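Let me begin by presenting the structure, written as structure tokens, before commenting on it.
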Amino acid sequence: MYNILVVDDEREITDAIEIYLTNQNYKVFKGYNGKEALEIFDKENIHLIIMDIMMPVLDGSCATMKIREKSTVPIIMLSAKSEDMDKILGLNIGADDYVTKPFNPLELIARVNSNIRRYMSYSSGVKKKDNVITIGSIELNDDSKEVSIDGEAIKTTPLEYKIIHLLMSNPNKVFSIQEIYEKVWEEPAYNADTVTVHIRRIREKIEIDTKNPKYLKVVWGIGYKFEKQ
């Protein structure tokens with residue numbers, strides 16, 4: 001059984017989400033602000049977090065940044081439709097996905113399931129053979145699910161890792177944003193703009209100059225590629 005932490009200051013929302021998730025055999029922990037989220041996260045073995053953005057005491061963005069300092073657990077942000085900038089901010093600071101309020105319960109469950117599946121595969125995947133890809137100073141080890149630069153490991157979320165793996169496995173091949181989404185998220189393109197945000201985060205981790213990237217390059221009007229030196 002997987003443990004889901006649901007954090008929202010509107011108790012009727014946390015209660016409703018709890019019903020949907022328990023019907024899918026998830027165990028639910030509930031918090032009502034970012035501070036409570038951090039306290040629960042430190043005590044329990046949490047596999048995924050559903051986090052509202054606007055909350056008292058400590059908002060969801062600040063809580064997400066603190067969690068990202070120590071964990072790559074999937075985080076799905078909740079936001080109102082009018083909070084587009086908050087959604088982009090949430091993705092930039094480490095959220096994996098977002099759902100807008102009011103949300104479709106079936107959509108939320110689908111996103112929980114897919115994020116849990118990716119995270120558990122990323123965390124526990126074991127392969128019999130070494131599977132190492134090296135391009136320039138960047139090395140991807142698919143046994144340990146690690147990306148390193150000049151021998152120093154960098155922190156990546158499961159989605160960031162899968163994007164890097166896709167592009168490094170196909171050096172110099174250009175993938176459209178829609179192709180990246182469908183291959184990494186393993187579903188029809190729902191919000192392709194999310195890919196752009198994840199690409200930006202990856203560049204910040206692997207590039208010395210993000211405005212003049214050496215590896216992860218855009219092909220204007222087409223998509224992205226990982227350039228082999």
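When the stretch 161-172 is filtered for residues that are part of a helix (DSSP H, G or I) and not hydrophobic (A, V, I, L, M, F, W, C), the ones remaining, listed by number, are 161, 162, 165. Go through the stretch 131-140 and give me each residue that's assigned to a strand (DSSP E or B) and either open to solvent by 40 Å² or more (accessible area, probe 1.4 Å) or closer than 17 Å to residue 71 by Cβ (or both). Once the filter is applied, which keeps residues that are assigned to a strand (DSSP E or B) and either open to solvent by 40 Å² or more (accessible area, probe 1.4 Å) or closer than 17 Å to residue 71 by Cβ (or both), the stretch 131-140 yields 132, 134, 139. The one condition from (1) surrounded by 19 or more Cβ atoms within 10 Å (Cβ to Cβ); (2) more than 23 Å from residue 118 (Cβ to Cβ); (3) hydroxyl-bearing (Ser, Thr, Tyr) that residue 224 does not meet is (2). Among residues of the stretch 77-108 being touching a helix residue (DSSP H, G or I) at 6+ places or on another chain (Cβ under 6 Å) and under 19 Å from residue 23 (Cβ atoms), the one that is modelled with the highest pLDDT is 105.
Answer yes if at least one residue in the stretch 52-66 is open to solvent by 50 Å² or more (accessible area, probe 1.4 Å), touching a strand residue (DSSP E or B) at 6+ places or on another chain (Cβ under 6 Å) and more than 17 Å from residue 108 (Cα to Cα), and no otherwise. Checked the stretch 52-66: no residue is open to solvent by 50 Å² or more (accessible area, probe 1.4 Å), touching a strand residue (DSSP E or B) at 6+ places or on another chain (Cβ under 6 Å) and more than 17 Å from residue 108 (Cα to Cα). Of all the numbered requirements in (1) open to solvent by 30 Å² or more (accessible area, probe 1.4 Å); (2) assigned to a loop (DSSP other than H, G, I, E, B); (3) within 29 Å of residue 70 (Cβ to Cβ), residue 156 misses one, and that requirement is (1). Quick check, is residue 170 free of Cβ contacts under 8 Å to residues at least 60 places away in the same chain, over 23 Å from residue 88 (Cα atoms) and surrounded by fewer than 18 Cβ atoms within 10 Å (Cβ to Cβ)? Against the criterion (free of Cβ contacts under 8 Å to residues at least 60 places away in the same chain, over 23 Å from residue 88 (Cα atoms) and surrounded by fewer than 18 Cβ atoms within 10 Å (Cβ to Cβ)), residue 170 qualifies.
Could you tell me which residue of the stretch 20-51 is least open to solvent (accessible area, probe 1.4 Å), considering only residues that are free of Cβ contacts under 8 Å to residues at least 12 places away in the same chain and under 19 Å from residue 115 (Cα atoms)? Outline the logic, then answer.
Residues of the stretch 20-51 free of Cβ contacts under 8 Å to residues at least 12 places away in the same chain: 22-23, 39, 42-43.
Filter once more, keeping what is under 19 Å from residue 115 (Cα atoms): 22-23.
Working: 22: 62, 23: 116 Å².
Among those that are free of Cβ contacts under 8 Å to residues at least 12 places away in the same chain and under 19 Å from residue 115 (Cα atoms), it is 22.
Within the stretch 148-161, can one find any residue that is more than 26 Å from residue 112 (Cβ to Cβ), among the hydroxyl-bearing types (Ser, Thr, Tyr) and out of contact with any Asp or Glu (no Cβ under 9 Å at 6 or more places or on another chain)? Reasoning before the result, please.
Just the residues of the stretch 148-161 that are more than 26 Å from residue 112 (Cβ to Cβ), to begin with: 148-154.
Filter once more, keeping what is among the hydroxyl-bearing types (Ser, Thr, Tyr): 148.
Adding the requirement that they be out of contact with any Asp or Glu (no Cβ under 9 Å at 6 or more places or on another chain) leaves none.
The answer is no; no qualifying residue exists.
Go through the stretch 173-216 and count every residue that is part of a loop (DSSP other than H, G, I, E, B) and either at positive phi or open to solvent by 70 Å² or more (accessible area, probe 1.4 Å) (or both).
The first filter runs over the stretch 173-216 and keeps only residues part of a loop (DSSP other than H, G, I, E, B), leaving 173-174, 176, 185-192, 207-215.
Those still in the list that are either at positive phi or open to solvent by 70 Å² or more (accessible area, probe 1.4 Å) (or both) too: 173, 186, 188, 190, 208-209, 211-212, 214.
Residues meeting the conditions: 9.
A Cβ distance below 7 Å, combined with a sequence gap of six or more or placement on separate chains, defines the contacts here; from the stretch 205-229, residues that are within 14 Å of residue 180 (Cβ to Cβ) reach residues that are basic (Lys, Arg) and part of a loop (DSSP other than H, G, I, E, B) in the pairs 225/173.
The values are calculated or read from the model by the stated rules, or taken from the named source; none is laboratory data. Just so you know, these numbers come straight off a predicted model, no measurement behind them. No Cβ is skipped: glycine too gets one built from the backbone with ideal geometry, and neighbour counts run over all protein chains shown. The accessibility values were calculated without ligands, DNA or RNA, using every heavy atom of the protein model including side chains. Shrake-Rupley method; radii C 1.70, N 1.55, O 1.52, S 1.80 Å.
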